[in-house]
């Protein structure tokens, strides 16, 4: 009898699971209201190489995968500011970017590398740019700025610790990140961070 009761209990749970209904919740941040959105290449502090391009492309991939919104890549921050005769991203700069590039809003991003702890192979030959294994902290901050009034519409940040097995370290002690990191540690880390940061652009499913 106990076995029969257990069978019925499991059956009831199975039926309940099958009848569970869900609803789709719209994204917290809707970008589809914009005809065109701009993207300034992420600015990087305390690092050299192609980290800015890597992060920008991964962010672009996540945003366009989440919502079908046209995104115009505007270039590096220095180039964008020079093109409008400004030195910083303030309200006047936001208005000028909107007028010059025809975007209604644009993304700004910044990456900071800190606490770099290199582990140099003592048997490695001395050179100006050794390739070492290193641990570091990486912080990414991004925001969506209105080109109509310069207000920040959305902002998000992420902080992670990373380890790279083939990190270039120059004579000045500043790490260099490249697109061709063989173990793809940095690429995977950036992808995870960009996916996390763009979560509010995706619809979600909620149980009724």
Check: Taking 0.36 nm per residue of separation and subtracting the Cα-Cα distance, what length does fully extending residue 200 through residue 163 add?
Finding: 10.6 nm
Check: To the nearest 0.05, what FRET efficiency results for residue 32 and residue 115 with a Förster distance of 41 Å applied to their C-beta separation?
Finding: 0.55
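Taken together, the values in this text are just the output of simple stated rules run on the coordinates, not laboratory data. What you see is a predicted model, and the numbers here were worked out from it, not measured in a lab. Neighbour counts are summed over all protein chains in view; Cβ atoms, including those assigned to glycine, are modelled from backbone coordinates with ideal geometry.
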